[in-house]
Ligand code: BF8
């Protein structure tokens, strides 16, 4: 009957022909954005569960169980017997248990148990504890169909439930199993920015999100047969570099250089030095194939979920992972011959950074517990912690909001943790080196120097926001409080994707005040806007705030952290 065009502000119609008003329409649209984001993260998680299962059966070519200790810890959480069993047997059972998380067999997902008791009670009282990951997403699609849920509060609560199923479910599964398969990150040095492309090598950009593809490409690029082939064509070797979150996955675990974040994907090709851009899914602009046509670059799609007109499709299946990776790399080596040296313009910029800050690595840096961090917060040396995450958005000068906000916060002795394109932005800006501690306020500077860490910690890709949840939960449990009591905050200063909407929602639902740069499409409903920015505080202990100016975002976060400190009786 639509499109649903109403005029909530002027003299036009206040309701659609079915009777839906602005509150209903805005809540439905927002819930559908959450569903899109939660689906993307969680389907990525599902793909990794499948690879774990096939690896356990010995059917995934080239994959192995790398962090067996973590596998066992996860098995314990799921009540799977560990003693006297092989890693493969444990992995098979864990994969099957995790498959159950997606459906309707259970009445609550497992990782919710990682939240502090007070938080779990809040979720139970509101009826937003997720039952199954897919179930909550599908239920949004059902409720927002014509003539189903029309109550904006009820619709948004289901949005919250699906978002929690993402952060504490699909994304957390993706993170944990990636650690099992590819290793749990530990601090390591890397390089970031377009200068990591090499004039004298075959350049392969892996772009997208799932490490299942990018790790196999990185592994196959070391194959002596391929290295020899590249050398025969006159190159020094094969240079694999990352783009966006799959780049973060490679950087975090292997120190593989990262060429850039979301708004650098076309520019990487425009250096004229990229032989192949290999993509899986999410955040890949269809424009890459248009740009590639101006050069010798080939774009290779690998997932039947994400085909792009103008790209070459090579379906990637874990059963033949290594062979397929070699096949694609051979294409890159062939393309190297067609590179026009006169058109190569690689910017001379690249920046050193320290990445690899998993929760395990952070705790290790502090001697095995959160105590040193908590003590520094209690003493006031560190005022609090902020998570800065999310995308680039062409409405904002690239990285400006990320970098400005981050600088202000560390100046005010707020430790910053980052993921996704925000992390790449601040890596490029040089804020992820231990030396960057000199830009921090006195207390944070001292703390960073003592532990040899940067004032801005790279915690990974966007699914790794689940690591931030785990860290926040650990600190809250240590202090015996809820996450919403902690002097912490979240920010997505340049967000644009539906995934970011889901992330923002589960971060707020976890009790963390969150500042957005661009305004989400909610202003058509005063009630929804008030709920998100004010009234949620009473029910969930946190709200959203919106400000496009990073200086003002910093002030909002600093004020919030000081308010929380005061409530805890901290100086
Ligand atoms: O998942 S931060 S632009 S690349 S959506 Fe995309 Fe946004 Fe970047 Fe990673 Ni996350």
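Highest average first, the peptides 344-350, 176-182 ordered by how many other beta carbon atoms sit within 10 Å of their residues are 176-182, 344-350. Label sites at residue 330 and residue 236, each approximated as a point 7 angstrom past Cα along Cα to Cβ, lie 2.7 nm apart. Note that segment 159-232 carries a Kirkwood radius of 15.5 Å, evaluated over its alpha carbons pair by pair. Distance from the Cα centroid of segment 538-557 to that of segment 110-154 is 24 Å (rounded to whole angstrom).
Using the average count of surrounding beta-carbon atoms within 10 Å as a protection proxy, the listed peptides 518-530, 151-163 rank, highest first, as 151-163, 518-530.
For segment 430-568, taking Cα atoms only, Rg and Dmax work out to 15.8, 50 Å respectively.
Sorting 145, 209 from the fewest to the most surrounding beta carbons within 10 angstrom yields 145, 209. With contacts taken as Cα pairs under 8 Å at a separation of at least 6 residues, the chain carries a relative contact order of 16 percent.
Between residue 307 and residue 188, the modelled labels are 3.6 nm apart [label points 7 Å from Cα along Cα→Cβ]. Expressed as a whole percent, how much of the Cα-Cα distance distribution for segment 298-413 exceeds 23 Å? Every Cα pair in segment 298-413 considered, those over 23 Å come to 64 percent. Once the mean 1/r over all distinct Cα pairs of segment 112-200 is inverted, what Kirkwood radius in angstroms do you read off? Roughly 16.1 Å, rounded to one decimal. Modelled spin labels at residue 400 and residue 442, positioned 7 Å past Cα toward Cβ, are 3.4 nm from each other. Cβ-to-Cβ counts within 10 Å put 532, 363 in ascending order as 363, 532, the fewest first. Beta-bridge orientation, the chain: approximately 15 percent antiparallel, per DSSP, counting only bridges with both partners inside. Arranged from fewest to most other beta-carbon atoms within 10 Å of their beta carbon, 474, 553 become 474, 553.
Entry note, the chain: the mean residue ellipticity at 222 nm calculated from DSSP H runs of n ≥ 4, each adding -39500 (n - 2.57), is -14000 deg cm²/dmol after division by the residues and rounding to the nearest 500. A rounded overall shape is assigned to segment 194-343, the ratio a/c of its alpha-carbon gyration tensor axes (a ≥ b ≥ c) being less than 1.5.
In plain terms, the chain from residue 338 to residue 141 could stretch by 66.2 nm, reckoned as 0.36 nm per residue minus the Cα-Cα distance.
Could you list the residues of segment 365-400 with an amide nitrogen less than 19 Å from a label point located 7 Å from the Cα of residue 287 in the Cα-to-C-beta direction? Output list for this probe position: 391-400. The reciprocal of the average 1/r between distinct C-alpha atoms defines the Kirkwood hydrodynamic radius, which for the chain equals 24.1 Å. All Cα-Cα distances of segment 293-364, cut into 10 Å bins from zero to the largest, leave 15, 28, 27, 25, 5 percent in each bin in turn.
Quick note: the coordinates plus some simple rules give every number you see, no bench work behind them. Just so it is clear, the model here is predicted, and its values are computed rather than measured. Note that we place each Cβ from the backbone using ideal geometry, even for glycine, and neighbour counts take in every protein chain shown.
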